[in-house]
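Here is the structure we will look at.
The values are calculated or read from the model by the stated rules, or taken from the named source; none is laboratory data. Note that this is a predicted model, so its numbers are computed, not measured. All Cβ positions, even for glycine, are placed from backbone atoms using ideal geometry, and neighbour counts span all protein chains on display. Protein only, heavy atoms only, side chains kept; ligands, DNA and RNA dropped before computing areas. Shrake-Rupley method; radii C 1.70, N 1.55, O 1.52, S 1.80 Å.
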Amino acid sequence: MKIFAIFAAAIFCFSTILFAQDGGAEDAPVVDIVPEREETNEQAETKENEKIELAGVSDVPAAKRPKAPDSQKAKAAEEKDEADTKEKNRETIKFGIDSELSELVQKLIDNDDPRYSDELYDLFQTTKSPAVREKILDYFTKLEDPCLEDYAVTILNDPYEERNSTVEKVFKYTATVKTKAAVPAVVALLESDNENYFSPALTTLGEIGGEREAEYLVDYLDRADLTTPQRQALMKVLGKIKAVQTWDALVEIAKDDGENAFVRCYAAEAIGAMKKPESIPVLLKLFEEPDPNMRCYVLKGISNFDTKEAKDLVVQAIKDSQYKVRLDAIDAAAGMKLKEAVPYLVYRAKNDPEAAVKKRAYEKLAAYEDAEADKFLVGQITDKKTSDAVKKQATEALLKYGKAGRSEIAKWAQALAADDTKKPMRRDVGKLLTKYSDSAFSGACAAYLSSQDKDTRSIGMDMYAAGKFSSCEPKIRAIADDKKMGSLQKRAMKLLGIE
């Protein structure tokens, strides 16, 4: 019996060896285990590599010339020129010293004048003045022209020897023109030990990044080494980049009354920016908190929704006891074009105890371009019982933000031109009109040019320079022919191109 057991065991061992040599059962589970484990490791390694490769040295884009100037902007800028303005500007660009160049470029930025992009691009390549270079960078940032992307990426790859002001402007330019090629360099600066670069790098990544960058930023939520300002910046960017993967975490942060107040506020705004319907009840609840800052940021967040609950909250917030909340509610209502909010804005414009709220209400009513809003604003200008200060506020809002009331504004300006008892208001309203070339203001221009007051005539000439009103040219010629006019005569001659 014992011999039989030994024999059986030998046969079992022998058959097992043969089974293994043959490759045996093809469907044996052991065969599949190893490849599956290897695939998982490869996937993990790939993810790790992708995470590492997000930061690095960016490929510098090829150099390129500026875009062709916007024809409408160029025309508007040219209409403001005097006879030799263009020639003088080009001479300054070519021969001017640093202070003259910086002053000129700032003027071009203020006037949104795109006509000198080629000359300023060439100057950028040759100037040795950091101040001039920065000012030209501001110019192309305003134009949103990507012609300096190669310079920007080069700086971001190695900013450590550059002036802080230059790096700051490069970040702003990169974010404005959406230079996606800069992502590796920006992430590298985000991960660097230099705290000066953290916030601008994070903000820039929020503008140029996409889904991949959003996933990268999610990991930052768990970092314990972030300062409070850095956490605040991170909350803002997660909302900007709409990283919906972080929604649950941000909701918890927004609800956590032990968290930094502004971190919570930015988290509330961020979950609203993600436009998930689940955010609405969360935001409605947060609005009930006593902190007015939280209510302000809830309004920013909930303005992304078009639901009845969102609209009702915004309208009711226009009556909030805290003026900062009212300001943000007015902005939200105008951004959402809530027609039902117009009567509330009219009431605020008339009665709010805070001047800032009144001013904002006027501005947003003008931007509505709504019949009820326009009727109120124009009525403020034409009503004889309304004070000049209120008329001016309505005028300024309509000129800057709306389209209505041009003829009514012109009539009031003509009346002011003839009233020497209101010289300060005449000056203020006249200067407002010099910023616009609307043909409706030709009569006001003529009235100002006809005044016996030298300053009023000078403002009339500014109006003419802006609008080039043909009906006013005889009055300009009369001034140009009158030697008694002194400096006004010389100016009139320049406007007419007379040597």
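Summary of computed values
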| read-out | value |
| --- | --- |
| Residues of the stretch 277-286 that turn out to be open to solvent by 60 Å² or more (accessible area, probe 1.4 Å) and either of a type in the set (Gly, Ala, Ser) or closer than 20 Å to LYS242 by Cβ (or both), as a count | 3 |
| Matching residues, the stretch 230-257, being part of a loop (DSSP other than H, G, I, E, B) and within 18 Å of the chain's Cα centre (by Cα) | ILE241, LYS242 |
| Some residue of the stretch 262-271 being over 16 Å from GLN232 (Cα atoms), open to solvent by less than 30 Å² (accessible area, probe 1.4 Å) and assigned to a helix (DSSP H, G or I) | no |
| Residue satisfying all of: in the stretch 395-417; open to solvent by 30 Å² or more (accessible area, probe 1.4 Å) and at pLDDT below 95; nearest to ASP331 (Cα to Cα) among these | TYR401 |
| Residue match in the stretch 57-66 (condition: open to solvent by 40 Å² or more (accessible area, probe 1.4 Å), small (Gly, Ala, Ser) and closer than 15 Å to THR179 by Cβ) | yes |
| Where a residue in the stretch 428-442 is within 14 Å of LYS403 (Cα to Cα) and its partner, wherever it lies, is charged (D, E, K, R), with Cβ under 6 Å and at least six apart | SER437/GLU79; ASP438/ARG406; ALA440/ARG406 |
| Any hit, the stretch 315-338, residues being farther than 21 Å from CYS296 by Cβ and open to solvent by 70 Å² or more (accessible area, probe 1.4 Å) | no |
| In the stretch 379-394, the residues that are loosely packed, with under 14 Cβ neighbours inside 10 Å and either among the aliphatic types (A, V, I, L, M) or in contact with a strand residue (DSSP E or B) (Cβ under 9 Å, 6 or more places away or on another chain) (or both) | ALA389 |
| Failed item, numbered, when GLU87 is tested on (1) modelled with pLDDT of 95 or more; (2) over 20 Å from GLY467 (Cβ atoms) | (1) |
| Residue in the stretch 189-198 that is part of a helix (DSSP H, G or I), without any contact (Cβ under 8 Å) to a residue 60 or more places away in the chain and open to solvent by 40 Å² or more (accessible area, probe 1.4 Å) present | yes |
| Condition met for GLN452 (open to solvent by 30 Å² or more (accessible area, probe 1.4 Å), outside any helix (DSSP H, G or I), over 28 Å from GLU363 (Cα atoms) and polar (S, T, N, Q)) | yes |
| Some residue of the stretch 482-498 being closer than 30 Å to ALA397 by Cα, touching a Cys at 6+ places or on another chain (Cβ under 6 Å) and open to solvent by less than 70 Å² (accessible area, probe 1.4 Å) | no |
| Test for ALA181: is it of a type in the set (A, V, I, L, M, F, W, C) and open to solvent by 40 Å² or more (accessible area, probe 1.4 Å) | yes |
| Residue satisfying condition, being open to solvent by 90 Å² or more (accessible area, probe 1.4 Å), in contact with a helix residue (DSSP H, G or I) (Cβ under 9 Å, 6 or more places away or on another chain), free of Cβ contacts under 8 Å to residues at least 24 places away in the same chain and of a type outside the set (Phe, Trp, Tyr), within set LYS107, LYS80 | LYS107 |
| The one condition in (1) of a type outside the set (Ser, Thr, Tyr); (2) touching an Asp or Glu at 6+ places or on another chain (Cβ under 6 Å); (3) touching a residue at least 40 places away in the same chain (Cβ under 8 Å); (4) assigned to a helix (DSSP H, G or I) that GLU149 fails to fulfil | (2) |
| Only listed residue being open to solvent by less than 60 Å² (accessible area, probe 1.4 Å), within 22 Å of GLN316 (Cβ to Cβ) and among the acidic types (Asp, Glu), chosen from GLU259, GLU213, GLU289 | GLU289 |
| Residue list for the stretch 151-174, restricted to those being within 13 Å of ALA131 (Cα to Cα), loosely packed, with under 14 Cβ neighbours inside 10 Å and of a type outside the set (D, E, K, R) | ASN164, SER165 |
| Scan of the stretch 420-448 for residues that are part of a helix (DSSP H, G or I), open to solvent by less than 60 Å² (accessible area, probe 1.4 Å) and among the acidic types (Asp, Glu), ordered by number | ASP428 |
| Residues that are surrounded by 14 or more Cβ atoms within 10 Å (Cβ to Cβ) and within 27 Å of the chain's Cα centre (by Cα), drawn from the stretch 124-133 | PHE124, ALA131, VAL132, ARG133 |
